[in-house]
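Enquirer: This is the structure I have questions about; it appears just below.
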Amino acid sequence: MMMSASDSHSLAWAAARSTARELGATVAQEHGDQKLAHTVALAQAHGAALATDLVATSDVPTVDTAAMDGYAVCGAGPWTVLGRTLAGAAPTVTALAPGQALEIATGAPVPHGTESVLPYEQAEHAGDDLSGNIAPGRHVRRRGEDITVGQIVLPAGTQVTPSVSGLAASLGYDGLEVRRPPVCLLVTGDEVRTSGQPGPGEVRDAIGPVVPGLVGWAGGTVTWQQHLGDDDAELGRALARAQAETAAPVIVVGGASSAGPADHLRSALQKLGADIVVDGVACRPGHPQLLAWLTSPLSPPSVVVGLPGNPYAALGAALTLLVPAVAACANRVDPTRSPALSCVRSTEIRAHDRDTRLVAVRLRADEAGQAPVAAPVGHDRPASLWGTASADALAVVPPRSSHSTVDLLWLPR
Ligand SMILES: Nc1nc2c(c(=O)[nH]1)N[C@H]1C(S)=C(S)[C@@H](COP(=O)(O)OP(=O)(O)OC[C@H]3O[C@@H](n4cnc5c(N)ncnc54)[C@H](O)[C@@H]3O)O[C@H]1N2
Ligand code: MOO
């Protein structure tokens, strides 16, 4: 029997995404916050979500420091310069009395009694005397002025960016406790080659290189990846092993999701007693996608995401089910809708009667130079990633929609 996206069991696209998010959050709860968190070096934390609040363990700055190169001064000028201090050097002068100054470098601790720092550019010298106009309090960064000890600087769930790592370093952290759920990837297909030039009748695996990037973008990490033939029992064993050996909350299967004789994912899941929660989504491309809940007496449960074999269909399905599920499991915002944006719909973008269409688009300024227009890039047949490789986003076109705007699903960059 020919399956199609209009089959009664296909779920509406938006509902499928919500279900994926709910299942991702539930699987995280089942695994437990502690099990999903681990400490990594700052340079390795990029893209993960903070597992705990980032708390200041010291004041920033730790002492009063100079914010300009010049002279720390006390009282009204003229001042007598007592010496010079540089950042990192042992202080030669620890206190200033009115009328005294100390030549100082940006970042060096100022002596007690400092009222302001007179920058070189404003300093005048007459013999041994220093003078200049400076308002009290200028160019001194006071202890705790930026951040005070004990302050929650960023809440748990914040995505670690280069700025977050740098901020954590400023606070004295060497590593961060992050939640980056492990994900397993099984790529199926006898005809699929994982390296080199595909021969006649073969196809080069284009899902294996796509999924780790998407998973990382959503806050997870692919820790286990395997290529399997088109065999029901082999797929069942691999699913059970992936769950038992990696305790991954999310397992992704590429291919084997449709109705052909080699498409074994449903039967393998049924034999393992999994609950198939989403069986087909009313979208194009990517309708033969699947979401299942796999339990085992020996390991915590896993969400299984089945992606169609055609690479663009797999990408559309991954943005529909995989990314929302992983982001929720990672306690992160869904990057496909962050920031949520609608823009003007090019007249070339057509709606489908029953299915939500996902159209690879580039954003360009409209003719009046006003709001951006989502224009199709083309080359987005289900088997080809050429379109998305040069697209900014996928435009989401609901069935029969005649709206002049479309919502965007961002692609990772
Ligand atoms: N009778 C029906 N046939 C098909 C339907 C249907 O509803 N009824 N749906 C079509 C749609 S839509 C899609 S998408 C595919 C999904 O197929 P599967 O998920 O079962 O995947 P396969 O059959 O294994 O492969 C489909 C296609 O993709 C190529 N492929 C597979 N894996 C990879 C990979 N890792 N990298 C690159 N290309 C891959 C494979 O060689 C096939 O050409 O089913 C349609 N059929
Ligand atoms: O999901 Mo299939 O969309 O048409 O290749």
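Each reported figure results from applying straightforward, stated rules to the coordinates on display, with no laboratory input. Please read all numbers here as calculations on a predicted model, not as lab measurements. Please note: Cβ atoms are built from the backbone with ideal geometry, for glycine as well, and neighbour counts cover all protein chains shown.
Enquirer: For the stretch 247-262, which positions are surrounded by fewer than 24 Cβ atoms within 10 Å (Cβ to Cβ), within 16 Å of ligand 2 (Cβ to nearest atom) and either under 24 Å from V326 (Cβ atoms) or free of Cβ contacts under 8 Å to residues at least 12 places away in the same chain (or both)? Walk me through it before giving the result.
Expert: Of the residues in the stretch 247-262, the ones surrounded by fewer than 24 Cβ atoms within 10 Å (Cβ to Cβ) are 247, 251, 258-262.
Filter once more, so that each one left must be within 16 Å of ligand 2 (Cβ to nearest atom): 258-260, 262.
Those that are surrounded by fewer than 24 Cβ atoms within 10 Å (Cβ to Cβ), within 16 Å of ligand 2 (Cβ to nearest atom) and either under 24 Å from V326 (Cβ atoms) or free of Cβ contacts under 8 Å to residues at least 12 places away in the same chain (or both): S258, G260.
Enquirer: Within the stretch 266-288, restricting attention to residues that are within 14 Å of ligand 1 (Cβ to nearest atom) and without any contact (Cβ under 8 Å) to a residue 60 or more places away in the chain, which residue is surrounded by the fewest Cβ atoms within 10 Å (Cβ to Cβ)?
Expert: Among them, the one singled out is S267.
Enquirer: Next up: Are there any pairs with C-beta distances below 6 angstrom linking a residue in the stretch 175-195 that is on the phi > 0 side of the Ramachandran plot to a residue that is in a loop (DSSP other than H, G, I, E, B), with the two at least 6 apart or on different chains, and if so which?
Expert: Here the result reads G189/G255, each pair linking the stretch 175-195 to a residue that is in a loop (DSSP other than H, G, I, E, B).
Enquirer: How many residues are exposed (fewer than 15 other Cβ atoms within 10 Å of the Cβ) and either closer than 17 Å to R142 by Cα or touching a residue at least 40 places away in the same chain (Cβ under 8 Å) (or both) when one looks only at the stretch 58-87?
Expert: Selection size over the stretch 58-87: 5.
Enquirer: Do you know which residues across the stretch 358-394 are more than 25 Å from the chain's Cα centre (by Cα), in contact (Cβ under 8 Å) with a residue 24 or more places away in the chain and assigned to a strand (DSSP E or B)?
Expert: V373, A375, P376 - these are the residues of the stretch 358-394 that are more than 25 Å from the chain's Cα centre (by Cα), in contact (Cβ under 8 Å) with a residue 24 or more places away in the chain and assigned to a strand (DSSP E or B).
Enquirer: For the stretch 18-62: of the residues being touching an Asp or Glu at 6+ places or on another chain (Cβ under 6 Å) and in a strand (DSSP E or B), which is farthest from G220 (Cα to Cα)? Reasoning before the result, please.
Expert: First, the residues of the stretch 18-62 that are touching an Asp or Glu at 6+ places or on another chain (Cβ under 6 Å): 37, 39, 51-52, 60.
Narrowing the set further to residues that are in a strand (DSSP E or B) leaves 37, 39, 60.
Details: A37: 11, T39: 14, V60: 32 Å.
Applying the filter and picking the extreme gives V60.
Enquirer: If a residue must be within 16 Å of ligand 2 (Cβ to nearest atom) and over 26 Å from S10 (Cα atoms), how many such residues does the stretch 380-413 contain?
Expert: 1
This table checks each residue for (1) within 30 Å of N310 (Cβ to Cβ); (2) in a strand (DSSP E or B).
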| site | (1), (2) |
| --- | --- |
| L118 | no, yes |
| P136 | no, no |
| E145 | no, no |
| V149 | no, no |
| V164 | no, no |
| V178 | no, yes |
| D190 | yes, no |
| S195 | yes, no |
